[in-house]
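Every read-out reported here was derived from the displayed coordinates using simple, explicitly stated rules and does not represent laboratory data. This structure is a prediction, so every number in the text was calculated from the model and none was measured. Every residue, glycine as well, gets a Cβ built from its backbone with ideal geometry; the counts of neighbours run over all protein chains shown.
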Amino acid sequence: MAPATTGAGAGRLRVSTPHPDALYPPHRTGRMAGGLPQGPGLRSAGATAPESGRDGLDPLEQRVHASDDRRADRTADRRSFGPTGLGTSAARLFAPPCSPPDTPARLDVLWVRRRAAGSALAAHVAEVRGRLALGPVSPGPGGWVYDPEKTLATMRRDPAAWGERYAPWMRECAEMVEQGRLLLGEIRGVRGADVGVSASGRVGLVPLRIGADRVGALVGRALLGENGGRSTKSNLAPCGDPRWTAVRQKFGLQGVGEYPNFAAGCWGGGLMPDTYDDWRQDYVAMLIYGFYLEYNIDTAYGGAENRLKNEILALWDMPGLPPDLRARRAQVAADLAFFDRKRRDEADVHDRSTSGLAAWVYRDRDLWRDFKACDSGYFTYYLSFLPGTRGRDDMMLTGLVADWSDIGPDLRFQESGQSVLALTRGSVTMPDLLACYERTVWMFNTHWTEEGGIRAERHAACMAVLAVGPWLLGNHRHDVWRYYSLAADLCAAARQRDLYASGQLADCYTEDLTPTLPPGRPRVHVPRRDLPFSVEIDGTRHTGSVGLHTAICDAVADDVLPMDIVTYEFVVPWLLSEGRISPASFLGYMDSTYCHHFAQLMRTGHASDFERSFTEPVVALIMEQWWHGMYFAIAAGSLVEAQPGRVADDRAHA
């Protein structure tokens, strides 16, 4: 096989004229379609379904723990759809459980990593552990009471209650939560009345619009029962790979920190915004537990949820917190008022079947944005964002960035917070998805200067949004590389769009969410140079170079960012998109090195204390994936999961 080589500045987009919207106009109704059917159905533009692939895929968590058990068809053509005989994502990785055989690690939050040893936070954690060991939870010395509804009411009535300097953020937090809960009420009404659109017309559940195109073919595979109708997205899964065990022991990651989903989310991406240089950064990371607690964990473990919830609340009730941390805690608590209502609403209907072919759509751009900001669950860092529209947009982006990897699974579970489908008005046609992908990247680009650096005033937002990337690629839950293997050739279609313009949400969409173009269309000029690579895949050595952001190249040259991380996250996916390797070889490589990559990324991050010399090249690498269309391929591939299921069946319900 010839070496895979690209010249200096490879990946730099040559913008075509006219703009692709003129060639492939996006869905521009500007209004919800009238005459919607009473139940979710299929609106097809003539897609033909290909033959179904082999059944029997395991979850990611099982596959990546399967060592050399390569179940994928190695004779697959390099341009084929990709392997289909796999299991859930985590099932492909090889490793014993974190704890004794068949015993998952205890969901324990009462610990601190080694860096925080001897700090005020460590003393607080020790006090809480001792106090809870004596019996049922009792009020702690901090005097704080967890009451999301009361917190929200106070925030709405007196936003300066946590300090005058924080009032703008508190006021807007309350507004976002109230707006989000308003839409939750309308969503509940649509589900309860079994109609397509709410009485106000602001929310609708509409049939998925599918095109006679490459993406439509992937939906067709789902309709024909891809993988026996089973999802390969995993649940909460441990990783007992010795390399990950060594990282945990070296840096003191325990309890929930043993699980990649928590570790990558709280103790990886949660540390990337680099807001503080002491124990306060750890406290902020612990506030992220709230999302897992209220929305994913506390109803999933029988009687254990009370213990876990008590531990987290006692952990948050730290005496002597500085005002800014109290304000952050209040915003997290207020957002949990949103999540509690959403979870209860979903629990009431979780036994309802879904078709996998219906999408939630919205009419009011700003109302939807605030809803998605709440649904993203990342108020931990909102105080570090700019106040006003830009900060609210960034809160929305922390969810949109993840939703591109979850379109298919979200259709299966009829997820009302699916933001990509909200922006396409329920369409998965190629033109509509490409228009949405392009505008998503434009919004990410607002965090970058024209010269390709991170804007100082948007640094925390940039980190919070793009830190979702490493989480998706290492949490042992999202099966992103399987999806990518099914549609890697579509990277080229995304690269044909203008992925270097820049604009806020209101620059990209009108008030009724019709796609538009940013005035003046400011641009990001990415500084790139060649980075050599050499990687062996299935016994064949591939060498060459790829043009990547100079921040990445410098970090590799300075031994700040291991080349293995770049190889895993960019080079090997790029080889597949270029047709240099087969989908089966690609997925076999990604599965077999998944745990090593996750452990190496976490080791490097903690060894550098997540300083900017490490985090800025990492987010540049994630942006290169977006600029090269890789997340568009992931999104398209995820549509093989658009199958019948049940409402919110990706989490347990009381």
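Assuming R0 = 22 Å, what is the FRET efficiency of Ala607 and Ala126, from their Cβ-Cβ distance, to the nearest 0.05? Before the final figure, lay out each step's value.
Numbers: r = 26 Å, r/R0 = 1.17.
So the FRET efficiency works out to roughly 0.30.
For the residue pair Glu450 and Leu134, what label-to-label distance in nm results when each label sits 7 Å from Cα along the Cα-to-beta-carbon direction?
Placing both labels 7 Å along Cα→Cβ, they lie 6.4 nm apart.
Label points 7 Å out from Cα along the Cβ direction at Thr516 and Arg529: separation in nm?
Using points 7 Å along Cα→Cβ, the separation is 4.2 nm.
By its C-alpha gyration tensor, with a ≥ b ≥ c as the square roots of the eigenvalues, how is the stretch 381-532 shaped: rounded for a/c under 1.5, else prolate for a/b larger than b/c, else oblate?
rounded
If packing is taken as the mean number of other Cβ atoms within 10 Å per residue, what is the order of 612-624, 498-510, 343-355, highest first?
Values: 612-624: 22.9, 498-510: 20.2, 343-355: 16.6.
Packing proxy ranking, top to bottom: 612-624, 498-510, 343-355.
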